[in-house]
1. Between P101, P173, P133, where does the largest GNM mean-square fluctuation fall for the chain, given springs only between Cα atoms within less than 10 Å?
2. Would you tally the net charge around D128, using a Cβ to Cβ cut-off of less than 13 Å, leaving D128 out, and scoring K and R as +1, D and E as -1?
3. For the pair R120 and R270, what calculated FRET efficiency results from E = 1/(1 + (r/R0)^6), where r is the Cβ-Cβ distance and R0 = 25 Å, to the nearest 0.05?
4. Taking N as the number of residues in region 269-348, what is its alpha-carbon radius of gyration divided by 2.2 N^0.38 Å?
5. Calculate how steeply helix 244-257 sits against the longest principal axis of the alpha-carbon atoms of the chain, using the helix alpha-carbon long axis, and give the answer as 0 to 90 degrees to the nearest 10.
6. Could you tell me the distance between the Cα centroids of region 319-369 and region 131-181, to the nearest Å?
7. Expressed in nm², what is the orientationally averaged projection area of the convex hull enclosing the Cα positions of region 49-157?
8. Can you tell me the 0 to 90 degree angle between the C-alpha axis of helix 106-118 and the longest principal axis of the chain, rounded to 10?
Amino acid sequence: MMRRLLPGLVSLVLVACATPAPKPTPAPTPVPAAAATVEADAPPVADFSAARAEFVRSTAQRFDIPAARIEAVLAGARIRAPIIKAMARPAEAKPWRDYRPIFIQPARIDGGRAFLEANRAALQRAEDTYGVPKELVTAIVGVETSYGGNKGSWPVVDALYTLAFAYPRSGDPARVAYEDKREAFFRDELAQLFALGKEEGFDITTLKGSYAGAMGWGQFMPSSYRQYAVDGDGDGKRDLFNDLDDVIASVAHYFAKKGGWQRGGPVMERATRDEGAADFANPGNAVTLDQRVDDLRARGYRAADPVAVLHLDGGQPVTLITLEGVAGPEYWIVYNNFKAITSYNISRLYATAVFQLAEAIAGRTREAG
């Protein structure tokens, strides 16, 4: 069933989308000039007319959508300068000591507790079905949209169109392959948006969301919406914009199916470093569980909590991450369920913030970092 936005919840950070209108897409009028869709204050954008034409052709063929209809939507799309700038400097570029206070703070913790109480039945159903703790699902909604208070204001078509054809380029030769891959990702998400509109009956030109094209209370990208959204209340619809039963069930389903969440499994444990222990090299954001607890112990890293030590399986797959805390480096042993959180957002900072917010909402004390 539908639920109203909780009164008094504080809108804080991040973005998402708006209510989909049932109006059909307007009659198509093909237009050729891709360059005309670029805002005047946008960085220089290479001619992408050939890539745009190929996108229309391939998307029409892939999803059985008339090419003229795709052209009609793209005719109104714009390359947005602020989106390019925002993507070029994501929040995850901050050190942990600056990133953490954005999310682990009283208003968001209190808002999470209110959200949990108001939606306890739906959260419990999702936990029983998928094994994902109710406070973790709550924390995702809190981090993504401040419990629905800030679902975003960018036209999703514009966001994906911008990043599909004008992804920001650093000029660093070492990053060319990565930037090409990211642009291809967003081009596919734009195609997936057309498919989503066809399948769910959305007028995609009315959808609003984040500068990256994520939508709804839980900030699903179009491909994730298509693959992981579920009908949480049995009304025959998958509505991640208005129906919190669907939102909650879909977030839990995402973690279980894409993330491989392990029911009752650990997420992360604070670790200590022995004097003289060598640095643990673990660059980048991707989490690879290529160590064991015993391996880390042999290298001078062990769980800081004596209680945690009692239940740790020495052969369990783990790795170690290092975060830049207020008081210096923080060392954390992370497990499969931490990796599951990074399936939502690959940033280690993001995954740590989600977990620590969930712990705070549940009333379990975490170190300030």
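1. For the chain, modelled as a Gaussian network with Cα springs under 10 Å, the answer is P173.
2. Spelling it out: positives minus negatives among the neighbours equals +3.
3. Working: r = 29 Å, r/R0 = 1.17.
About 0.30, to the nearest 0.05.
4. Details: Rg = 12.2 Å, N = 80, 2.2 N^0.38 = 11.6 Å.
So the Cα radius of gyration is 1.05 times the expected 2.2 N^0.38 Å.
5. The two axes meet at around 70 degrees.
6. The distance from the Cα centre of region 319-369 to that of region 131-181 comes to 19 Å.
7. Numbers: hull surface 42.7 nm².
Answer in nm², one decimal: 10.7.
8. Helix 106-118 sits roughly 80 degrees off the main axis of the chain.
The values are calculated or read from the model by the stated rules, or taken from the named source; none is laboratory data. Only a predicted model underlies this, so the values are computations on that prediction, with no experimental measurement involved. Counting neighbours? That spans all protein chains shown, and the Cβs are built from the backbone with ideal geometry, glycine included. Heads up: the accessible areas ignore ligands, DNA and RNA and are worked out on the full protein's heavy atoms, side chains in. Shrake-Rupley method; radii C 1.70, N 1.55, O 1.52, S 1.80 Å.
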